[in-house]
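Right, one structure below, let's go through it.
Please treat every number below as a calculation from the coordinates, not as lab data. Keep in mind it's a predicted model, so treat the numbers as computed, not measured. Heads up, the Cβs are rebuilt from the backbone with ideal geometry, glycines too, and the neighbour counts pull from every protein chain shown.
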Amino acid sequence: MELEDQEGGDVFLSIDSLFEILGNPTRRMILSKLAKVPLGASELAASFGKKISRQAIHSQLKMLTDYGIIESFGEDPRSIKYRINSNLSLRIDVTPDYFNINYNIAKINNARDNLEIKDTGCQVDYQKIRSPDKKLRFLAEKIKEIEQSIGGLEQERTVLLHNKECFIIELKNIIKDQYEDDLKTKEQPNLEKEIFYTLFYNPIKYFKRINIDKLLDDMFFSEMGPIRRDQHKVSIRHLLRDLSSLMDVFREDEDNWFFDI
């Protein structure tokens, strides 16, 4: 099991809170509407008709605002509107041999100032177009090209995930054939194998140095108190030493562990 925070992103929302937010169909609908046009609470309530009360809409907007996913703007309290405030990316992969959740939240401030067509490399071609209709066609074509490229990348990603699962299955076969008996003699064989697989599922994250705290988060998928975390750290260090005695891909250097591949 792997939980990964993308480098460079301002991750400020726990995975549990994220699932709670996106798991609610009303909040998903609100985000879908705000992604198209900024709306006020009354406008949102009107778009839902009698299905959802205005009070419920205000409650959902407050939660989304508190987590920084949306923001309000406008000086007149009677005409406050809401818009998306963050770029949120969530990807979940589940296979019989692999489970991964990867998400990133990058907060956008003054989105209109920070997102400009000059950043796309199309500014020169775009400025040559004078007709608004032709500009619309140009933009539509660029969006279509991007969607086609994303589709191609998704297909390529599917192939790569398939290959990764093939390698993971072979990895598990080696463990079963070569090391299963040795691991059975240990006090916590399943935990040792879980450490091993967690590191192999994301070797980029660990090959320079095995961060025990990140390893605990990836394995136990929860926020632990300092006492419980310290207890688990001791157990993990002992189990890493056991694994290093069996395999030469782990090494210890002055109390720092390395995944040597």
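A few notes on this one:
- Square roots of 5 times each gyration tensor eigenvalue, C-alpha, region 41-188, largest first, Å: 45, 29, 14
- Long-range HN-HN contacts of residue 39 with modeled amide H, under 5 Å: 82
- At least 20 Å along the helix axis (C-alpha) and Kyte average at least -0.5, DSSP helices within the chain: 132-174
- For region 117-222, diffusion coefficient by Stokes-Einstein and Kirkwood Rh (Cα), 4 °C, 1.567 mPa s, µm²/s: 70 µm²/s
- Residue 86 long-range amide H proximity, modeled H, under 5 Å: 108
- Cross-link reach list, lysines versus residue 186, counting only Cα pairs under 20 Å and skipping chain neighbours closer than eight places: 172, 176, 233
- Modelled label positions at residue 148 and residue 184, each set 7 Å beyond Cα in the direction of Cβ, lie 5.7 nm from each other.
- For region 115-170, the alpha-carbon coordinates run over 59, 19, 15 Å along the three principal axes, in decreasing order.
- Remark: spin-label model distance residue 131-residue 14 equals 5.7 nm, labels positioned 7 Å along the Cα→Cβ axis.
- GluC sites (Glu not before Pro) restricted to region 146-203 and DSSP loop, no more than 11 other C-beta within 10 Å: 187
- Converting the Cα gyration tensor eigenvalues of region 205-261 into ellipsoid dimensions via √(5λ) gives semi-axes, longest first, of 21, 12, 9 Å.
- Put a plus charge on the Cβ of each Lys and Arg, a minus charge on the Cβ of each Asp and Glu, and nothing anywhere else: the dipole of region 123-261 about its Cα centre is then about 940 debye.
- Remark: region 157-210 projects, on average over all directions, an area of 4.4 nm² (convex hull of Cα atoms).
- Theoretical gain in end-to-end length, residue 238 to residue 204 [0.36 nm per residue, Cα-Cα removed]: 10.0 nm
- Backbone N under 15 Å from the residue 117 label point (7 Å along Cα→Cβ), restricted to region 136-159: 136-144
- Neighbour cut-off at most 12 other Cβ (10 Å), DSSP loop, GluC sites (Glu not before Pro), region 35-134: 75, 116
- Computing Rg and Dmax of the Cα atoms in Å for the structure here picks out one of [x] 20.6, 72; [y] 24.4, 76; [z] 17.2, 53, namely [y].
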